[in-house]
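Written out below as structure tokens is the structure these notes cover.
Read-outs throughout are calculated quantities, based only on the coordinates presented, and are distinct from any laboratory measurement. Computed from a predicted structure; not experimentally measured. Quick reminder, even Gly has a Cβ in these numbers, built from the backbone with ideal geometry, and neighbours come from all protein chains shown.
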Amino acid sequence: MLWLTCPNCGSRPVEEFGFGGELPTVPDRITDPHQRDVDYVWMFDNLEGLSTERWFHQAGCRRWHTVQRNTIDDTVAT
Ligand SMILES: [Zn+2]
């Protein structure tokens, strides 16, 4: 079972959280503000390895948290 550490509530089972997706990074080569917004919302890296993600603690403090999760072995770094 995957456990996430909420900074407000401590270590909790992943079932208490809602997955908000990976935290996107927009490449510097995209300079048009509209295209940057499109890339930010719709383009995902879907990394194999360490991924920075957003999780919402819906059964706890109802706050968003940023988590670094290894997508290969499902371990959480932060
Ligand atoms: Zn919490």
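So which residues in region 62-76 are surrounded by fewer than 13 Cβ atoms within 10 Å (Cβ to Cβ) and either over 9 Å from the mean Cα position of the chain (by Cα) or among the small types (Gly, Ala, Ser) (or both)?
The first filter runs over region 62-76 and keeps only residues surrounded by fewer than 13 Cβ atoms within 10 Å (Cβ to Cβ), leaving 62, 64, 66, 72-75.
Across region 62-76, the qualifying residues are Arg62, Trp64, Ile72, Asp73, Asp74, Thr75.
Condition check: surrounded by 15 or more Cβ atoms within 10 Å (Cβ to Cβ) and away from the ligand (no atom under 16 Å from the Cβ). Does Thr52 satisfy that? Walk me through how you get there before you give the answer.
Details: surrounded by 15 or more Cβ atoms within 10 Å (Cβ to Cβ): yes; away from the ligand (no atom under 16 Å from the Cβ): yes.
Yes; evaluated as a whole, the condition is true for this residue.
What are the pairs, 6+ residues apart or on separate chains, where a residue within region 1-22 that is free of Cβ contacts under 8 Å to residues at least 40 places away in the same chain and assigned to a strand (DSSP E or B) has its Cβ under 8 Å from a residue that is exposed (fewer than 11 other Cβ atoms within 10 Å of the Cβ) and of a type in the set (A, V, I, L, M)?
So the pair list comes out as Pro13/Met1.
Matching residues to (1) more than 16 Å from the ligand (Cβ to nearest atom); (2) touching a Cys at 6+ places or on another chain (Cβ under 9 Å); (3) among the β-branched types (Val, Ile, Thr):
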position: Met1; (1), (2), (3): yes, no, no
position: Cys9; (1), (2), (3): no, yes, no
position: Val26; (1), (2), (3): yes, no, yes
position: Asn46; (1), (2), (3): yes, no, no
position: Gly60; (1), (2), (3): no, yes, no
position: Thr66; (1), (2), (3): no, no, yes
position: Ile72; (1), (2), (3): yes, no, yes
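Testing Ala59 on (1) loosely packed, with under 13 Cβ neighbours inside 10 Å; (2) in a loop (DSSP other than H, G, I, E, B), one condition comes back false. Which one is that?
It is condition (1) that Ala59 fails.
Among (1) surrounded by 12 or more Cβ atoms within 10 Å (Cβ to Cβ); (2) basic (Lys, Arg); (3) within 17 Å of the chain's Cα centre (by Cα), where does Arg36 come up short?
(3)
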